[in-house]
Structures are given as structure tokens and as C-alpha cells.
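Quick notes on the structure that follows.
The values are calculated or read from the model by the stated rules, or taken from the named source; none is laboratory data. Nothing here was measured: the structure is a model prediction, and the numbers come from that model. For neighbour counting, all protein chains shown are included, and Cβ atoms are generated from backbone atoms with ideal geometry for every residue, glycine included.
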Amino acid sequence: MKRVSIGNSAPVATAALSFCLVANLVALMTFPAVLPEVSAEWQLSASEAGWIGGIYFAGYAAAVLFLVGMTDRFDGRWIVIASSLLGAGASFAFVGLADGFWPALVIRFLGGVALAGVHMPGLVLLIERAEGPHQSRSVSIYTASYALGSAGSFLVAGIVDAMFGWRATFLAGGIGPLLAIATIACLSPAPARKAPAGPVLEFGSVLRNRPFMSYVLAFAGNTWEVFGIRVWFVACLSWTLQVPGNELDLPNLAIISGLASLAGVPASIAVAELATKWNRSRVIVMTCVVSVAVCLALAASAGGPIVIVLTLLVLLQITSFADVSALGVGAVLLSDPARRGAALAVYALTGFTTGFLGPAAVGLSLDWFGGIDSRLGWTAAFLTMSIGSAAAGLAVWKARHAEQLQRHRR
């Protein structure tokens with residue numbers, strides 16, 4: 001039977017690979033969405049919950065250098081397909097095997113490894129198929145679809161949890177990667193390209209690219225804050241609703257978190273468009289400043305009126321993610337095309353390492369300053385989150401000077 005091909009045009013490739021990413025991300029926020037329930041059932045401390053919430057990104061960071069670097073030599077479609085299978089298996093394993101801290105930690109780590117073989121390898125596949133004027137917009141759409149997948153993960157988890165219980169959310173999380181496999185299998189091979197000379201995994205030239213590395217550091221700050229708020233959104237809102245005087249009839253809290261993160265998609269695309277048309281570094285820095293201000297407002301209003309806290313939580317979901325597409329486009333433009341797989345591997349490794357550390361640091365802050373039921377604890381938590389955008393803005397601001405120096409040397 002002849003294999004069906006969906007082609008390689010930029011719009012088709014963008015749609016197919018964005019769908020693949022979104023489908024694989026269904027499992028991403030399953031644990032944060034049900035964190036209060038699981039913590040109560042397993043009697044987890046805030047630090048333990050933070051570790052499980054963040055270990056997914058540690059798995060990503062552990063595998064991404066190898067998996068993305070290999071796309072410089074091999075057809076990335078097969079890397080994405082194999083990783084999607086692993087992601088489905090990890091989600092299904094959580095349903096049947098996770099019964100406490102350590103099993104959950106191991107299984108979520110494997111889920112992160114699987115995502116490492118989908119996220120940036122998918123971006124490499126897209127860049128190979130979207131050249132010229134289409135590339136920047138295709139990259140911004142693909143990177144913004146991360147927020148769509150994250151939001152979808154919260155929404156699916158919230159709905160399934162309300163109907164069937166928290167374990168069923170992980171069952172649903174395993175179905176998404178299986179749907180992605182068929183799409184990738186139908187994607188046409190990329191145009192032939194010459195493999196780079198030298199070792200398969202060579203990162204020296206990438207690390208010496210100062211403008212690119214500034215964007216790497218900025219992405220690290222971005223993921224610190226993005227995953228900090230996404231892992232702890234439901235827990236914070238749940239506690240705030242228990243504060244006397246904050247009674248408010250709300251739907252499933254994971255659904256609220258999903259809708260809030262979904263609002264980050266158009267915001268991210270809009271910021272990327274502005275950054276392309278205007279001064280990229282200034283647009284990103286201003287976005288970071290706004291996000292830091294929202295974190296500080298949440299730190300000051302912890303345990304306050306529910307309407308204020310809820311509004312700020314939703315706003316932080318948006319502002320923390322708003323610059324991610326602009327950062328991704330900037331990193332792609334500043335990377336060496338011959339070593340783009342290696343460059344994106346470094347970009348993802350650094351970013352998702354802090355994506356792991358951010359939620360864990362928030363959990364430690366909570367424990368150190370009174371626990372999950374403490375106003376001071378949540379104040380410390382949001383101050384910890386604010387470090388991310390502050391660092392990202394500083395890195396991009398410094399990148400202006402590095403880019404100018406690089407142009408002068410050329």
C-alpha cells in the first residue's frame with residue numbers, strides 16, 4: 001500500500017508539526033493540574049510536589065543535547081516518532097504504576113525525555129521546510145503552539161479529572177502522542193542537505209556565538225518563570241480560595257489555568273510580530289519588565305482578595321509566555337545554519353534545565369517560609385518566579401551590544 005504524503009510546503013509543515021507538538025504536550029501539565037489531589041493522597045510536602053512537577057523538565061534537559069544534535073545527521077522524523085511512543089508509554093505507566101513520590105519521579109522524568117525528542121527536533125524539521133520569508137512566521141507559530149499544547153493539557157486534565165478522577169488524566173495524556181505519530185509519518189522527507197563536518201555532537205562553535213548564547217540565557221530565565229507559574233498556579237489558587245472571605249464559585253481550577261495559558265498564544269505571536277517589525281531586544285525587554293511587575297504584585301497581594309489574585313495569576317500566565325516566540329525567532333536567526341541542530345539543543349538544554357529548577361525552587365521557597373498555606377510562603381514563591389524574567393530581560397539587553405560587536409567584526 002502506497003504511503004500517503006502531506007507534502008512539505010511551509011504552511012502544511014507548520015500545521016503538521018504544530019499539531020504534533022500540541023498532541024505530545026497533552027501530558028505536560030497533567031501533574032500540576034491535579035497537584036492538590038495527589039499531594040493530599042500521597043501526603044507530599046511542597047518540596048516533593050515541586051520535584052515531581054519539575055522533574056519532567058529535568059528529563060527533557062538530560063536528553064535534549066543528544067536527540068536534537070542528532071538531527072544534524074539523521075532524519076528527524078524518526079526521532080520524533082520514537083519519542084512520541086516513549087511519551088505515550090510514560091503516561092500510561094503513570095496510570096498503573098505511580099503510587100508515591102519515587103515512582104512518580106521516575107515516570108515523569110521519562111516523559112520529559114520523550115518531549116525532548118519532539119519539541120526541538122520538530123522545530124528543526126520545520127526550519128528545513130520553511131525557508132526564506134516564511135521562516136520567521138512559521139517559527140513563531142510553532143513556538144507559540146507550545147502554549148496551546150500546555151493550555152490544552154490543563155483543559156483536558158481538568159475535564160477528565162472532574163469526570164473520571166486524577167489517574168484518568170494521565171490516560172488521556174498518553175493518547176495525544178499516538179495521534180501525532182500518524183501525522184509525522186505522512187510528512188515528506190526534507191530537501192537533501194550536506195551533513196556538517198566534524199564530530200556528531202560538536203558544540204564549540206555554538207558556545208562561542210555570543211549573541212546566540214545571550215538568547216540562550218534569556219530563554220533559561222523565561223522557562224524558570226513560565227514553568228514556575230504553570231506548575232504552581234492551581235495550588236496557589238486553591239489555597240487563596242480557602243482564605244477567609246475569599247469564597248467564590250469557580251469551575252475546575254485546572255480548566256481556569258488552561259484558559260489562562262491559552263491566552264498566552266495570541267500574546268506570544270503578537271510580541272513576535274512586533275519584535276520582527278520593530279527593535280527585537282527592546283520589545284522583549286519591555287515584555288520582561290511587565291512580567292516582573294506582575295510577579296511583584298502577586299508577591300504583595302498573596303492571600304488577598306480572590307478577584308485581585310486571580311486576575312494577576314491569569315495575567316502572569318500571559319506575560320511570562322508572551323516573549324517566548326520572539327526569543328525563539330531571535331535564536332534561530334542568530335544560529336549557524338550548519339549547526340542549527342546543535343544550537344537548538346543548547347538552547348533547549350539550558351532553558352529546560354531552569355524549567356526544572358524553577359518549580360523546584362518555588363517549592364523550596366514555600367517550605368522555607370511557612371509552607372503552602374502561608375502568605376509569607378507565597379510571597380517568597382512569587383519573588384522567586386520574578387528572577388526569571390529579570391534575568392531574561394538583562395540577557396537580551398546585553399545581546400544588543402554583542403550583536404553590534406559581531407556585525408562590526410564582520
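Mind checking whether some residue in the range 288-298 is touching a residue at least 60 places away in the same chain (Cβ under 8 Å), surrounded by 18 or more Cβ atoms within 10 Å (Cβ to Cβ) and more than 22 Å from residue 326 (Cα to Cα)? Quick ask: steps written out before the conclusion?
Within the range 288-298, the subset touching a residue at least 60 places away in the same chain (Cβ under 8 Å) is 288-289, 291-292, 295-296, 298.
Checking the rest, the ones that are also surrounded by 18 or more Cβ atoms within 10 Å (Cβ to Cβ) come to 288, 291-292, 295, 298.
When the remaining residues are screened for being more than 22 Å from residue 326 (Cα to Cα), the result is 298.
There is at least one residue in the range 288-298 that is touching a residue at least 60 places away in the same chain (Cβ under 8 Å), surrounded by 18 or more Cβ atoms within 10 Å (Cβ to Cβ) and more than 22 Å from residue 326 (Cα to Cα).
Kindly indicate which of 306, 372, 318 is hydrophobic (A, V, I, L, M, F, W, C) and without any contact (Cβ under 8 Å) to a residue 60 or more places away in the chain.
On the way: 306 fails: without any contact (Cβ under 8 Å) to a residue 60 or more places away in the chain; 372 fails: without any contact (Cβ under 8 Å) to a residue 60 or more places away in the chain.
After ruling out the rest, the residue left standing is 318.
Of the helices (runs of 4 or more DSSP H) lying entirely inside the range 293-410, those containing at least 2 residues that are under 30 Å from residue 249 (Cα atoms) span 306-321, 340-368, 375-409. Residue 95 fulfils the conditions (1) modelled with pLDDT under 95; (2) among the hydrophobic types (A, V, I, L, M, F, W, C); (3) out of contact with any Phe, Trp or Tyr (no Cβ under 6 Å at 6 or more places or on another chain) except for a single criterion, (3). Within the range 56-91, the set of residues being over 20 Å from residue 150 (Cα atoms) and either of a type in the set (Gly, Ala, Ser) or touching a strand residue (DSSP E or B) at 6+ places or on another chain (Cβ under 8 Å) (or both) comprises 62, 63, 69, 76, 82. Residues that are out of contact with any helix residue (DSSP H, G or I) (no Cβ under 7 Å at 6 or more places or on another chain), within 26 Å of residue 42 (Cα to Cα) and of a type in the set (Phe, Trp, Tyr) within the range 75-118 comprise just one, 102.
Within the range 244-255, one or more residues are touching a Gly at 6+ places or on another chain (Cβ under 6 Å), surrounded by fewer than 24 Cβ atoms within 10 Å (Cβ to Cβ) and of a type in the set (S, T, N, Q).
Buried (at least 24 other Cβ atoms within 10 Å of the Cβ) and in a helix (DSSP H, G or I), is that true of residue 144?
Yes; evaluated as a whole, the condition is true for this residue.
In the set 240, 276, 223, only one residue is hydroxyl-bearing (Ser, Thr, Tyr), closer than 30 Å to residue 345 by Cβ and more than 21 Å from the chain's Cα centre (by Cα); that residue is 276.
Residue 128 fulfils the conditions (1) farther than 28 Å from residue 326 by Cα; (2) in a helix (DSSP H, G or I); (3) over 18 Å from the mean Cα position of the chain (by Cα) except for a single criterion, (1).
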